[in-house]
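Student: The structure that follows is given in the form of C-alpha cells.
The values are calculated or read from the model by the stated rules, or taken from the named source; none is laboratory data. For clarity, every value in this text was computed on a predicted model and none was experimentally measured. Cβ placement follows ideal geometry from the backbone for every residue including glycine, while neighbour counts extend to all protein chains displayed. Surface accessibility is based on the protein's heavy atoms, side chains included, excluding ligands, DNA and RNA. Shrake-Rupley method; radii C 1.70, N 1.55, O 1.52, S 1.80 Å.
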Amino acid sequence: MADSSDVSNTIAGMIASTVYPNGTSSPSISGSVVKIYPGWPVPNVLQEDINASGAHISIWALPSERKIGSELGRPYRVIEKGDPPMIATVDGLNITLSGAVSVPTNVYFLIDGTGYHYPVQSGDTLATVATAMANQIPGATSSGAVITLASGGSVVARTGGVGTAMRELRRQAKDFQITIWAPTPAMRILIASAVDAMLSESSSISLGDGAPSLLFYTRQFDTDASENYLIYRRDLIYTVNYATTQTIAAPQIVAPVMHVTDASGNLIKTLLE
C-alpha cells in the first residue's frame, strides 16, 4: 500500500537519476554536490553546503489533498500470479513431480473425470507429495517423485501456487513540493530546468503496489528572500494521483471443473478447462 512517503521516496529517486545521470560516483549535472532527499532541510546543514557551492533538492508532501472518484464495488485484480516452482508432468500412466517444493502449493490430478487434490505441507518433499497423491487414487502407486496409475484414459495434472490480488480502497490527489536550494541563480536554473523537464515527461509513475499513479505539473515559483545568505530557491509543485490499496493472497485455480448434465440431472461428462 502506497502512502505519501512512498511517493516522496519515488520522486527523490527519479530526481537523483536526472541530477546524477552517470551515477552518484560521477559529477552531477551542475558539477557540484547535490543532496536529494524527502523532507525539509536542516538549516545549518543547508547553509554549510551552500557556502561550499553545493545544492539541495528537498521533496515535501503538502497538506493539500483531495479525494478522487468513488470506490464503488472495489473489485480485486491479480497483480502477481505466484506460479509455483513445482511441476507435474504426465507421460502415459506416469505422473512425475519435479522442481522445488514450496508452501503454499496445490497439487491436482483429474483422472477420467475424478479429481484428486493435495495441499503441500511444510516439510514435504517431492516424494512425500507423490505418496500423498498416490494414496488417494485407487490402484495407484508411487516411487520417489513418480506416481503410477493403474489405468486412465484421460489424465490431467496441475500445480498451483498463491499469488497476490489488490484492490483500491480509495484514490487521492496530493500536492508535493520539490524545492531546489542553490548558491547561485544560474545553478538554480540549471538544476530546476532539468528536474522540471524530467517530471513533466513522467506522467505515469510506479509506486510498487500495482496500482496506476499519475504525476501532474501544478505550478512553480522562485523565492529570493534568503539571497543575503546566498540561497536561491525554486519550488516546483506537482500533484500525484495515487491509490491507497489492500492486498490479499490469491490461490491459483487448479481445478476449474464443469459438470454437464442432461435434463434429468444425470451426469453426461466432466470438463476441465
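Student: With Tyr238, Tyr229, Tyr242, Tyr217 as the choices, which residue is over 15 Å from Arg170 (Cβ atoms) and at pLDDT below 95?
Tutor: Going through Tyr238, Tyr229, Tyr242, Tyr217 in turn, just one is over 15 Å from Arg170 (Cβ atoms) and at pLDDT below 95: Tyr229.
Student: Suppose the filter is buried (at least 19 other Cβ atoms within 10 Å of the Cβ) and not aromatic (Phe, Trp, Tyr); does Ala211 pass it? Explain how you work it out, then say what you get.
Tutor: Values: buried (at least 19 other Cβ atoms within 10 Å of the Cβ): yes; not aromatic (Phe, Trp, Tyr): yes.
For Ala211, the condition - buried (at least 19 other Cβ atoms within 10 Å of the Cβ) and not aromatic (Phe, Trp, Tyr) - is met.
For every residue, the table says whether it meets (1) part of a strand (DSSP E or B); (2) among the aromatic types (Phe, Trp, Tyr).
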{"position": "Gly208", "(1), (2)": "no, no"}
{"position": "Leu214", "(1), (2)": "yes, no"}
{"position": "Tyr217", "(1), (2)": "yes, yes"}
{"position": "Gln220", "(1), (2)": "yes, no"}
{"position": "Arg233", "(1), (2)": "yes, no"}
{"position": "Val240", "(1), (2)": "yes, no"}
{"position": "Ala243", "(1), (2)": "yes, no"}
{"position": "Thr247", "(1), (2)": "yes, no"}
{"position": "Ala250", "(1), (2)": "yes, no"}
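Student: Could you please find all residues in region 147-167 being without any contact (Cβ under 8 Å) to a residue 60 or more places away in the chain and under 15 Å from Met86 (Cα atoms)?
Tutor: Ile147
Student: For region 99-111, name all the residues that are assigned to a loop (DSSP other than H, G, I, E, B) and either touching a Leu at 6+ places or on another chain (Cβ under 7 Å) or at pLDDT 90 or above (or both). Walk me through how you get there before you give the answer.
Tutor: Within region 99-111, the subset assigned to a loop (DSSP other than H, G, I, E, B) is 100-105.
Across region 99-111, the qualifying residues are Ala100, Val101.
Student: Out of Asp124, Asp83, I need the residue that is out of contact with any Leu (no Cβ under 8 Å at 6 or more places or on another chain) and within 30 Å of Gln246 (Cα to Cα). Which one?
Tutor: On the way: Asp124 fails: within 30 Å of Gln246 (Cα to Cα).
After applying the criteria, what remains is Asp83.
Student: Take Val107 and decide whether it is closer than 30 Å to Ala12 by Cβ and either open to solvent by less than 70 Å² (accessible area, probe 1.4 Å) or in contact (Cβ under 8 Å) with a residue 60 or more places away in the chain (or both).
Tutor: no
Student: Same structure again: Only residues that are buried (at least 20 other Cβ atoms within 10 Å of the Cβ) and in contact with a Leu (Cβ under 9 Å, 6 or more places away or on another chain): list them for region 175-198, please.
Tutor: Phe176, Ile178, Ile180, Trp181, Ala182, Pro183, Ala192, Val195
Student: Would you point out the residue of region 112-148, among those that are over 15 Å from Asn94 (Cα atoms) and assigned to a loop (DSSP other than H, G, I, E, B), that is most open to solvent (accessible area, probe 1.4 Å)?
Tutor: Ser122
Student: Further question: Report, ordered by the first and then the second residue, all pairs with beta carbons closer than 7 Å, sequence separation of six or more or different chains, a first member in region 14-31 that is free of Cβ contacts under 8 Å to residues at least 60 places away in the same chain and under 19 Å from Leu199 (Cβ atoms), and a second member that is exposed (fewer than 12 other Cβ atoms within 10 Å of the Cβ) and not β-branched (Val, Ile, Thr).
Tutor: Pairs found: Tyr20/Ser26.
Student: With the condition kept exactly as written, say whether any residue in region 158-170 is within 30 Å of Asp91 (Cβ to Cβ) and either in a helix (DSSP H, G or I) or over 22 Å from the mean Cα position of the chain (by Cα) (or both).
Tutor: yes
Student: For a quick check of your reading: which strands (runs of 3 or more DSSP E) sit entirely within region 1-98 and have at least 1 residues that are open to solvent by less than 80 Å² (accessible area, probe 1.4 Å) and closer than 23 Å to Tyr232 by Cα?
Tutor: By residue number, 34-38, 55-67.
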